[in-house]
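Novice: Have a look at this one.
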Amino acid sequence: MLTGMSPRRSTEKSVLALTFDDGPSPWTIEILDLLAEHGARATFFVLGANIAGRESTLRRAIAEGHQLGLHSWSHPHLPDLSPGEVRDEMFRTQTAIERATGTVARFWRPPYFEADEHVRRALAGTELIEVGCSIAPEDYHWSALQTAAYVVERLEPGAIVDLHDGQPENSGSDPTRTATVAALELILAELEKRDLRSAPVSEFPLSALEK
């Protein structure tokens, strides 16, 4: 749980989690605008290297009820790193988030979803909580319609949706996230039709985060 966030765990059958990796970026602001318009709350797994100059975006996210998590500093393949390097990737990012927002991020998601026992042992005893996903479109390559259709077909209570509001340095993905923003607008409209709502991952039982 993040410092300052409510400790409640959602028991509603209509709740799922929209999550975003690789930000903050210029598109994070557009995503926050859409989430506010639809009354949705999300979790942003932040790259530490992307924080400088965008601290106000993170503060806005916290102020609007969203959650910040750790996605490493530089988006490496964590299994290739030493235990000390794994910890540095996470705690350097955690420190940058805390300096920017006053909030201590406790949830983390590994880049590429690559977390083996070596990585988990490196972070054992740190009180960090790993978060997976159950719906992972390649929104960083796909069109808005492709992403929205893929997600909408799989939407269900308890789902954890993985989208991307930024990109790592030297990424081979699309140079913008405009398609993700457009897809999100379609996804949020569908959530409202189905009477589903998005909540931060801190409101889910811990067992539900191991997707």
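Novice: Would you check which residues across segment 172-193 are free of Cβ contacts under 8 Å to residues at least 40 places away in the same chain and not in a helix (DSSP H, G or I) and list them?
Specialist: Result: GLY172, SER173, ASP174, PRO175.
Novice: Continuing with this model, one more query. Given the residues PRO168, PRO137, which is the only one that is at pLDDT below 95, closer than 21 Å to LEU32 by Cβ, in contact with a helix residue (DSSP H, G or I) (Cβ under 9 Å, 6 or more places away or on another chain) and of a type outside the set (Phe, Trp, Tyr)?
Specialist: Among PRO168, PRO137, only PRO168 is at pLDDT below 95, closer than 21 Å to LEU32 by Cβ, in contact with a helix residue (DSSP H, G or I) (Cβ under 9 Å, 6 or more places away or on another chain) and of a type outside the set (Phe, Trp, Tyr).
Novice: Also, I was wondering about something else. Scan segment 147-161 and report the pairs whose first residue is farther than 18 Å from ASP195 by Cβ and touching a residue at least 24 places away in the same chain (Cβ under 8 Å) and whose second residue is surrounded by fewer than 18 Cβ atoms within 10 Å (Cβ to Cβ) and among the polar types (S, T, N, Q), with Cβ atoms within less than 8 Å and a gap of 6+ or a chain change.
Specialist: Close Cβ pairs satisfying both conditions: ILE160/SER134.
Novice: Test each condition in (1) farther than 21 Å from ILE160 by Cβ; (2) β-branched (Val, Ile, Thr); (3) touching a Gly at 6+ places or on another chain (Cβ under 7 Å) for THR93 and report the one that comes out false.
Specialist: All conditions pass for THR93, except number (1).
Novice: Give the residues of segment 28-82 that are part of a strand (DSSP E or B) and within 16 Å of VAL161 (Cβ to Cβ), sorted by residue number.
Specialist: ALA42, THR43, PHE44, PHE45, GLN67, GLY69
Novice: Now for a different question. For the condition surrounded by 16 or more Cβ atoms within 10 Å (Cβ to Cβ) and in a loop (DSSP other than H, G, I, E, B), what is the one hit in ALA124, ALA148, ALA115? Spell out how you get there, then give the answer.
Specialist: Details: ALA124 fails: surrounded by 16 or more Cβ atoms within 10 Å (Cβ to Cβ); ALA148 fails: in a loop (DSSP other than H, G, I, E, B).
Within the list ALA124, ALA148, ALA115, the selection yields ALA115.
Novice: Something else about it: For PHE45, are the conditions met, namely being surrounded by 16 or more Cβ atoms within 10 Å (Cβ to Cβ), in contact with an Asp or Glu (Cβ under 6 Å, 6 or more places away or on another chain) and closer than 24 Å to LEU206 by Cα? It would help to see each step written out before you state the result.
Specialist: Details: surrounded by 16 or more Cβ atoms within 10 Å (Cβ to Cβ): yes; in contact with an Asp or Glu (Cβ under 6 Å, 6 or more places away or on another chain): yes; closer than 24 Å to LEU206 by Cα: yes.
So PHE45 passes the test.
The values are calculated or read from the model by the stated rules, or taken from the named source; none is laboratory data. Keep in mind it's a predicted model, so treat the numbers as computed, not measured. Cβ: placed from backbone, ideal geometry, glycine included. Neighbour counts: every protein chain shown.
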